[in-house]
Structures are given as structure tokens and as C-alpha cells.
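> Handing you this structure, nothing more for now.
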Amino acid sequence: MYLTRIPAAKQLETEGVVLQQLSHPSQLGGVFPSHVERVADNYNHLWEQPTLFYAVVMVIWALDHTDPMHLYSAWAYCGLRFAHSLVQVTINHVWLRFTLFIVSWAALAIMLLREVFSALSP
């Protein structure tokens, strides 16, 4: 994120933009070029759904519920999220990004639902 945002911020300062007046994130919308915003947005997305993935993986590991289905689902989730990030910071094709998001969510849902059903079964 810093590899794109810092040079863009320096460029804005040379154009007379006072960055201190844009100190709240809500004021930054549309100020930076789109490719810079996409990288920052992607970084923020890594604090959203993936945190649920980390928690589910830790529960699966702690309860010793690891099995091939969880393993395949976890790797699928990681690969799909990587692809989602790559698409977002490069071409940003909305339908492709959305598809990758939904399929990655399905991989996470498989893991989550299997653990919920495991907890509810006697």
C-alpha cells in the first residue's frame, strides 16, 4: 500500500493539495488516483472476512478437526482470496472480483458450517 500511496501523496503535495486537511479517511475518497485507492481498499478488505477465516482455522486446529475437506477448503479460500486481491489491485474487473469473492466465501462457509454441525451433533 505504501509503495503506491506515498508517491501519490508526494505528487498531490506538489500540485498544492494540503494533505493535513484530508486527515480523516472519509475525506480521501476520490483524491488519490484509482489504482492507489484500489490498493488501499484491498488492504482494508484483509481486515474483514479473512479474520473470520483465521478464527475458524484456529478452532479447527484447536479441536483437532483437521481433515482433507478442511484442508482443501482452506487452501481454496487462500488461493481465491489471493486471486481476488490480485484482480482488485490490477485490472479491478468487478464481476470477476465478485465471483472470486463468492467462491472464496463458499470455501469458508464449508469450513464454518462443518464446525457448527460438529458442535451441534451429539
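The values are calculated or read from the model by the stated rules, or taken from the named source; none is laboratory data. Keep in mind it's a predicted model, so treat the numbers as computed, not measured. No Cβ is skipped: glycine too gets one built from the backbone with ideal geometry, and neighbour counts run over all protein chains shown.
> Looking at the structure I just gave you, is residue 14 polar (S, T, N, Q) and at pLDDT 90 or above?
No; evaluated as a whole, the condition is false for this residue.
> For the stretch 79-103, name all the residues that are in contact (Cβ under 8 Å) with a residue 12 or more places away in the chain and over 22 Å from residue 36 (Cβ atoms).
Within the stretch 79-103, 80, 103 qualify.
> Which condition from (1) surrounded by 11 or more Cβ atoms within 10 Å (Cβ to Cβ); (2) more than 25 Å from residue 92 (Cα to Cα); (3) without any contact (Cβ under 8 Å) to a residue 12 or more places away in the chain; (4) over 22 Å from the mean Cα position of the chain (by Cα) is the one that residue 17 breaks?
(3) is the only condition that residue 17 fails.
> Another question, then. Can we say residue 58 is surrounded by fewer than 17 Cβ atoms within 10 Å (Cβ to Cβ), touching a residue at least 24 places away in the same chain (Cβ under 8 Å) and more than 30 Å from residue 37 (Cβ to Cβ)?
No, not satisfied.
> Within the stretch 71-116, can you find the residues that are within 17 Å of residue 57 (Cβ to Cβ) and exposed (fewer than 13 other Cβ atoms within 10 Å of the Cβ)?
If the condition is that a residue be within 17 Å of residue 57 (Cβ to Cβ) and exposed (fewer than 13 other Cβ atoms within 10 Å of the Cβ), then 71, 75, 82, 113, 116 are the ones that fit.
> Out of (1) part of a helix (DSSP H, G or I); (2) over 30 Å from residue 35 (Cα atoms); (3) not basic (Lys, Arg), the odd one out for residue 106 is which?
(2)
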